[in-house]
Structures are given as C-alpha cells and as structure tokens.
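Every number here is computed from the coordinates shown, using simple stated rules; none is lab data. If you're wondering where the values come from, they're calculated on a predicted model, not measured in any experiment. Using ideal geometry, Cβ is built from the backbone for each residue, glycine included, and neighbour counts are taken over all protein chains shown.
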Amino acid sequence: MKVILKVARTELNTLFYSPIAWFLLIVFWIQCGFTYFNLMEFVTRQTEMSGDRQEFYTSITTLVYLSPMGFFKSVMDNLYLYVPLLTMSLFSREISSGTIKLLYSSPVSMTEIVLGKYLAMLIYSLLLVITVGMFMVSGILNIQNVDTGVLLTGLLGFYLLLCAYSAIGLFMSSLTGYLVVAAVSTFVTIGVLSYIGRLWQDVNIVRELTYYLSISGRTQNMLSGLITTKDLLYFLVVVYMFLGLTIYKLKAGMESRSKLSKALRYAAIVVSALIFGYFTSIPGLVGYWDTTAKKTKTLTPQVQKILKDLGDEPLEVTAYVNILDRFQYLGSPSSANANKSRWEPYQRFKNNIILKNVMYYDSSASLDMQKRFAGKSMKEVAEHYAKTLNIGMDDLLTPEEIRKLIDLRSENNRYVMHLKWKDRTTFLRVFDDLTVWPSEAETAAALLRLQQATLPKIAFINSELERDINKSGDRDYKGLTNTPSYRHSFVNQGFDITTLSLESGEISTDISVLVLADPLIGLSDQSISKLCSYIEKGGNLLIAGEPGKQDILNPVLASLGVELEQGIIINESKDNLPTFVTAYVQKEAGDFYKPLAKHISNGSPVTMPGAASINFKTNGEFSAIPLVKTDPDKSWLRKNPLNSETMIRASVVASNDSLGTVTFNAHEGDRMGPLTTMIALVRKAGGKEQRIIVSGDADFLSNKELSSNRSSANFIFSTALFRWTSGGQFPIETTRPEENDKKLNTNLKKLKFEKTLFLWICPAILLVVGTITLIRRKRK
C-alpha cells in the first residue's frame, strides 16, 4: 500500500506541475458556475414575478439539479471532454520517453504502478467533486427545504462516472506512446460505451449484453434519488475490467507469452466481469436505497402490500403485440429492455414477475386499410409492416392462431398486457394520452383484481332512458365508466361496471353503488318500490337529476328528506349560457379522495351545464353534508322557465338592468345564492355506513364535461364520489406528498453578488495559485 501511495503522490506532483490540470479545473469551475447561475436566475425571476406567494410552480431542486436540462445532466454530459486530457499522459508519457523500461526493471510490481496512477486520478477527481459540491452548498443555502439526499446521491453518481472514465483513460494511455492518440481513443471508447446500449436491441442473443455494457443512463437512478446495487456494481465492474486489461497489457511487455495465452488472459478479465455483472442484475439480487426525503422513488405502501399479498406464486405478464396497431413499438424486440425497466419498481418487491412477449397481426382500429392499403389483404399489409420493422413473418401469429390462444377483439386488438396469477387473469392496458404506459394506480388496480374474487360493482339503471354508459355522445357516460383506452375510466381503476333495468331485473346484493342518472320518463310504482327497498336495506346510491325532472325524482328523494327545488340555477357569465353553472366543491369533500383536496384548495370549479337547487332536512334520519355550492354573488334560483331566445343570448346580470337578458326577480320567487347543487347523506344501516349522493345536475359526469379543458376538476370530483360511495378501496391511493422546495432564501441582488464571487473571484484565486505553483516548479 505504501508503494501505491508513493506512486500516486509522484503522479499528482507531475499532474499539478503541468498547466493542463489547473486549466481544466478552472474551466470546469466556470462551466459549473454558468450552468448553475443560469438556472437559479431563471427560477429567481419566476419566483419574484409570482407576486405575494413568492413561490415557484414546481420543485426547485428538481429543476435546477436533476431535470434533463439541469446542473448534473449538463456537467456529466461534458465530462468526456475533460477526462481524456487528464489521463492521456499516464502511461503514454512513459512509453514515448522510454521510461517504461525502467518501470519493467524496477522492484515495484506493475499492479502497484497501475493502482498508484489510478489512485492519483481518483484524488484529482475529488477536486472536481468538491467543485460540484460548492454549487450544491450554494443551492442548499438558497433553496428552502432542499432535498439533500437526492443531491448527495447525484454527487455519488458523478464521482462514480469519473472513476469509470478514469479507468478507461488509463487503459487507453497504456496502448500508445502518442498523447493525442490516447486522448482520442479514450474519447471514442467512452462514446462507444455510451451508444452501445442502442445497438442490436432487436437481436435476442446480444440484446442483454449490449444493454448491460452501456454506460449511458447508469447514473439516471442516482440523479432521481435511487441507489441500486446493480448500478454501483456496474461501475466497479467497469473499473475492474479496464484496470485488469491495463495490468495485463503492461505485463505483456515484460513477459514472453504466446499470443493465445495473452488473448485468453484478456478474455478471462472481460468474461469474469460480464458474468459478475449478469448475476448482480438478477431482480432478486438487486438492493435498493431510496434517498429522497419523501420516498418518491419507491412504490407507495399500499401498492407494496398488494405485491406482498401475491405471495410466492409467480406473476406472469404476457404482452400481446399487434404489429398493425399504433402501439406496436411498445412490444417490438428493441423495446424489451425498456419494458423491463418499467417493471423494475414492481420486481423490487416481487422478484418472480415473468415478462413474456407474443407478436401477431390482426385488424386494427388505428389502421385504415381501405384508404392506406387499397386492394391489399391483411397478410400483405402485415408483410409490409414486418419488413419495415425488421421482423420475420415466422415470428408473428396469424389472426386465426392468436384467436385460438386468446381473443383480443374485445380489446380492439390493441397492445395489451395479460396478467396471470394462479388461475386468475386480467388485462392491463396502455392509454391514449401522452404518458401511454399504465401508472402505479392502474397497475395496482389490475394486481388487486387478480387477488379478489369480487370487486366494487357499480350498476347504472337503464330502464327509463337514463344516461348510457355504452355511448360516446356528449350527455352519456362511456368515458367515465368503460372506455378501455381512457386511463381514468372506472374499468381501468378497479371497478366492475354493469347496467340494470328496474322494470325487468332485480337489484342484486353484490352491487356496491347503484346509479340513477337523469331518467327521461317517470319511474313506475314498481321501480320506485325497488329503489325504496334498496335504500331501506342500506344500499349505497347516487342520484343525479336535471332541471325539469324534479317531478320524476322527488317521489324517490322524499324518503331521504331531500327534494330538487322547482326552477333552474342562473350563473352570471360573459362567456357562457346563463344556465351554465360553475360551482365549488366544499372542503368536507376533501376527505373523500386526497387528489380532490388539492383542487378544493386551488378553488377549481366543477362545471354543471344546467343544475337544480337541492333542499334538504338537517334533522332527518340521515346526516346531510353539502358537497357543492354555487357562487353567492353570481348565482340565483330562477323559478320561471327560460325561453329559447333567452337561452341563445348569454348576457346575464343579477339586477333589473335593461341590458340583461336574464334578470333576478324576487317577486317571482327567485332566490339569491349560495345554492346547494349536491349533497351527501350518511346513516348507519344494516350494520354499516350507508352513503348516498344526490346531485341537481347529471351533466357533470358526462363525456362532454369530463373531456373539456375547462372542467379539469370534474373527473377528480366524480372519481372521489364513487370512491367514497363504494367503500374507499378504488381508485387505489398512490398520491405522493407535494414538494415543499418551491421557495427561495435569495433574490436577484444576492444572487448577483454570489455569481460574481463564484464566476470571477474563485476562478481568479485558482489561477493565481496555479500560476505560483508552476513558477516555483520552473525555478526548481
């Protein structure tokens, strides 16, 4: 060890008595400074422009340090420019000057020499780490509640990357006596290792090898706050491999061995490194450490429990890939490792998740063959696609073969994952949005579906022309309930959806929530009797009415102590119809669903295009909780109906102003707001808590309102209602604590002084110290 330290000391003296070490250190400091202060100035300006809140819109730590344009990413992407210049002379200088022969004849072993020179590079790398650390300290002082765990993990990833690059540079310098060649070789090797993970990903034999060898993205987990043994050991494998190759290369110059013997020795280093890397990448052998303050890189406790409850029985995930579907790229051979990465958070807690892939061709809704491939058969189109995607037709199942295996026509032959656990199966889908891949909530819902024989069942009454869950019209409910391609649709969130006729069917005991939404015709005595019996037995219910339907629903609501008041709510607006109501969810509803609480605090309105006011008793059998109320200053209840000419014109005022098309008139029975448009009723019945929702509007659940940009709160609110009425199990709660590092301890004036200190004074000090050191060395 003493010899290694002496070699390292000698190498450091040589390094710091040359201008290049000081020059690179100064340039690196300035680069870090410009990157950091550009980001901090942007955040500070945005924060100061936010007004009294003085708050940034997202996590400052993430944006400044960890984002794709952040500090760490920028610094790491440029490391390849520094390391080759530092390592090129480690052995090339010895080879070109002939002093390598003295090393061969010295009593010091070649292993000690290599390790000593490598140790010198590790010590110099620490100076780069300290440089980065200085800007981290600045961030910790300037950002409130900064997540230091993530920053330290990112710093570790930065140092490990330096270690790997240094080992590569050391080996390249041992191959040639030309400094420029050594530097270029290091640069090329780093480039190859960065790019190799994209090569031959569609070839099964070499896919795993090239993906493992890739150094690109190896620090990505660390930059997000997750340390894995797989990533740590990868860097150790790279260092071991290139140091070993360096030692054997130098030993070859002082030994008389055959070329075969030398080649086998090199091969042994590479093969042993790859074997070790393979075993350390096995899911069951990988260790994880989430260093984030709020454990954002770990599945939520509820999802962890779902995986634990699967026990030791393997979970088989078979992806069915239709090459004629627009999502075929998710299941292409080149995406195999990307899919493994997507499942890695789940394999962390259940290591026997088996991933399979089945490719086929069949009809697809996303492929208009009549327009794009006129006159061609489906097989001919499939051959065209297979050739384009470099897939052999022998690897594809025909429509007849896939249908014998599994019939996916109910899924429109889209990309879908078929989950199998014991003797139970379910589908896990991808979705028509920007994210595409199922999130933790949808995946957990599918896993829980495998474990339960019965799930919450929501039954929609359809015997009196109520809203239809199988139609995509504006007023219907298909988007909310059973659209497989819509992420938030109830079929993807763990619910079972069904329809029920009160005239010809009975209300079964396995129904969790019964929905009566805007019947167009009056309910028969038989239907009312069935509903009242269901309520009496303690069944959960959601009743949604509309203005003009009061007489249809009030006979049912009477037993609840509730009535829909005659008339329609008017809402002042310069842009919308007078009957378009923007109402506000009350804070009591925030307990229904955590994501809803945020919308309530932000004042996001729920849109109700035509609503009736609800009158209820507070001393009845049920406890009543008002859930939605209108704006008291802009709404009132109008008793008289509106004619068509008035509805066309949207100018509304709450006065007798002659300019207004709809005016408030107390003499005609109009009443000013706030008006309650939705309530929750609760009581103990049948040994459990009975939960009922009554709404004066049925459109807030419609396809039109849920898809409208102006009503973003509608879906969160409707989801919260069904979660509460069905017992609170679905949708599965996967929300994370909100980031609290959105405020700064600095301002532009302070930041300007700090920028001057870091970008001018500190580099100037380094320049002076370096200059003095070099002058003293020259004098000696």
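A few notes on this one:
- Helix 19-48 and the longest principal axis of the C-alpha atoms of the chain enclose an angle of approximately 10°.
- Top positive-direction residue, dipole computed over the chain with Cβ charges, set Leu243, Ala720, Thr582: Leu243
- Prolate/oblate/rounded call for region 64-171, Cα gyration tensor, a/c under 1.5 rounded: prolate
- Within straight-line cross-link reach of Lys549, aspartates and glutamates at Cα separation under 15 Å, skipping those fewer than 8 residues along the same chain: Glu464, Glu466, Asp518, Glu563, Glu565, Asp697, Asp699
- Close amide-amide hydrogen proximity is noted between Val321 and Val358, Met359, Tyr360, each under 5 Å apart and 5 or more residues distant or on a separate chain (H modeled in the peptide plane; Pro and chain starts excluded).
- Counting only Cβ charges, +1 for Lys and Arg and -1 for Asp and Glu, the dipole size of the chain around its Cα centre is about 4700 debye.
- Rel. contact order, % - alpha carbon contacts under 8 angstrom, at least six apart, the chain: 12 percent
- The trypsin sites (Lys or Arg not before Pro) of region 405-484 meeting both criteria, a DSSP state outside H, G, I, E and B (loop) and at most 15 other C-beta atoms within 10 angstrom of the site's C-beta, are Lys422, Lys471.
- Calculated [222 nm] ellipticity per residue, helices only, for the chain: -14000 deg cm²/dmol; basis is -39500 (n - 2.57) per DSSP H run with n ≥ 4, divided by all residues, nearest 500.
- The angle separating the long axis of helix 204-213 from the principal Cα axis of greatest extent in the chain is about 70 degrees.
- Local charge for Ile402 was computed over the other residues whose Cβ lies under 15 Å away, with Lys and Arg +1 and Asp and Glu -1, and equals -2.
- Three-way shape call for region 42-87 based on the alpha-carbon gyration tensor, with the a/c threshold at 1.5: prolate
- The trypsin sites (Lys or Arg not before Pro) of region 562-604 that meet both conditions, a loop assignment by DSSP and at most 11 other Cβ atoms within 10 Å of the site Cβ, are Lys574.
- Shape summary of the chain, radius of gyration then Dmax from alpha carbon positions: 34.2, 113 Å.
- Too-long pairs where the Cα-Cα distance tops 32 Å, listed order kept, from Lys684/Lys742; Lys305/Lys598; Lys2/Lys297; Lys350/Lys594: Lys684/Lys742; Lys2/Lys297
- Whole-Å distance, taken between Cα centres, linking region 346-416 and region 581-619: 45 Å
- Cα shape, region 436-534, gyration tensor, a/c 1.5 rule: oblate
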